[in-house]
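The block underneath contains the structure these notes are about, expressed in structure tokens.
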Amino acid sequence: METIEPMIESTADGSQTLRHPLLHDTYHSMRGAEGESHYIFIEQGLRAWLDRNAEGTESRLSEGNESPSIRILEMGFGSGLNAWLTWKEARDRGLKVYYETLELYPVAETVASQLTYAMDERFMALHRASWDVDVPLDENFVLKKRRCSLVDCRFDTTFELIYFDAFAPDTQPELWSLEVFSRLYDHLSEGGMLVTYSAKGTVKENLRGAGFVVKRLPGALGKRHMLRAEKPRKDE
Ligand SMILES: C[S@@+](CC[C@H](N)C(=O)[O-])C[C@H]1O[C@@H](n2cnc3c(N)ncnc32)[C@H](O)[C@@H]1O
């Protein structure tokens, strides 16, 4: 498989990010890669979804005696940082996760292995997992990395949560379009959420145009805003 070799850069909270060799954007905020990922996707995404859906989750737990479960779609596997943080959170909470992630430019393993996160062997397990198949990484976490472009990827399941982590709308406007958000909306379950770091006007407009109820939240690490967009339940 063809891979790219992004440059490794340090961010203000001491954690590392990558810089894309063709698009020149960094994969995270220079204010702090790990801090930003954790705040936007874990705190405002996964935890918010769990808080909102705790009732259903608990009843599923008591009925089936099974772990609570969630299907997450990530736009942009990149360095694997969001996937790694999600897997950690899933283990801490006893949560079953199906994690599907799209990537058009897979990062070379030789680069991933130089990141400090690679000290945790689970981080490299994410990178070494095969592409385009379901890979159970433990009893609670199934990873499916898909080598495809968001623009023409088709999905054969629905998701409860979407981590929308594309490069900036100014760099790749085609990924933040009404058409893309409409397709994602169709593959989100009722009560599902999409979280993203961008709160740009056109992004909000396109999310609303696709049917989402959009909420502006304080951004990560001193940034003004981020967005959480929800697909309302029919009874709401
Ligand atoms: C902001 S970075 C994602 C960071 C990543 N979530 C992480 O935790 O490191 C955006 C990612 O989108 C990928 N990408 C760019 N264009 C794409 C496309 N059309 N379809 C799928 N992925 C794309 C880039 O290669 C990059 O990995």
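The values are calculated or read from the model by the stated rules, or taken from the named source; none is laboratory data. The model shown is predicted, which means the values in this text are computed figures rather than measured ones. Ideal geometry is used to build each Cβ from the backbone, glycine not excepted, and the neighbour counts take in all protein chains shown.
Results, tabulated for the structure shown:
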item: Any hit, the stretch 186-208, residues being out of contact with any strand residue (DSSP E or B) (no Cβ under 9 Å at 6 or more places or on another chain), among the β-branched types (Val, Ile, Thr) and closer than 20 Å to residue 167 by Cα; result: yes
item: Failed item in (1) within 25 Å of residue 96 (Cα to Cα); (2) under 18 Å from the mean Cα position of the chain (by Cα), with residue 232 passing the rest; result: (2)
item: Long-range neighbours under 8 Å by Cβ, at least six apart or interchain, first residue modelled with pLDDT of 95 or more within the stretch 107-124, second in a loop (DSSP other than H, G, I, E, B) and surrounded by fewer than 18 Cβ atoms within 10 Å (Cβ to Cβ); result: 107/3; 107/5; 108/3; 108/5; 109/3; 110/5; 111/5; 124/113
item: Failed item, numbered, when residue 96 is tested on (1) in contact with a strand residue (DSSP E or B) (Cβ under 6 Å, 6 or more places away or on another chain); (2) over 25 Å from residue 207 (Cα atoms); (3) within 16 Å of the ligand (Cβ to nearest atom); result: (3)
item: The stretch 19-52, subset assigned to a helix (DSSP H, G or I), closer than 14 Å to residue 219 by Cβ and out of contact with any Leu (no Cβ under 8 Å at 6 or more places or on another chain), residue nearest to the ligand (Cβ to nearest atom); result: 40
item: The stretch 167-222, residues that are among the aromatic types (Phe, Trp, Tyr) and either closer than 23 Å to residue 22 by Cβ or assigned to a helix (DSSP H, G or I) (or both); result: 167, 176, 181, 185, 197
item: Hits in the stretch 122-136 - residues which are over 11 Å from residue 98 (Cα atoms) and either surrounded by fewer than 16 Cβ atoms within 10 Å (Cβ to Cβ) or of a type in the set (Val, Ile, Thr) (or both); result: 128, 130, 131, 132, 133
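To keep it simple, each residue is scored yes or no on (1) modelled with pLDDT of 95 or more; (2) within 19 Å of residue 230 (Cβ to Cβ).
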{"site": "33", "(1), (2)": "yes, no"}
{"site": "44", "(1), (2)": "yes, yes"}
{"site": "66", "(1), (2)": "no, no"}
{"site": "90", "(1), (2)": "yes, no"}
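Here's the yes/no breakdown for (1) within 12 Å of the ligand (Cβ to nearest atom); (2) within 22 Å of residue 223 (Cα to Cα); (3) surrounded by 19 or more Cβ atoms within 10 Å (Cβ to Cβ):
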residue: 138; (1), (2), (3): no, no, no
residue: 149; (1), (2), (3): yes, no, no
residue: 161; (1), (2), (3): no, no, yes
residue: 166; (1), (2), (3): yes, yes, yes
residue: 172; (1), (2), (3): yes, yes, no
residue: 182; (1), (2), (3): no, no, no
residue: 192; (1), (2), (3): no, no, yes
residue: 197; (1), (2), (3): yes, yes, yes
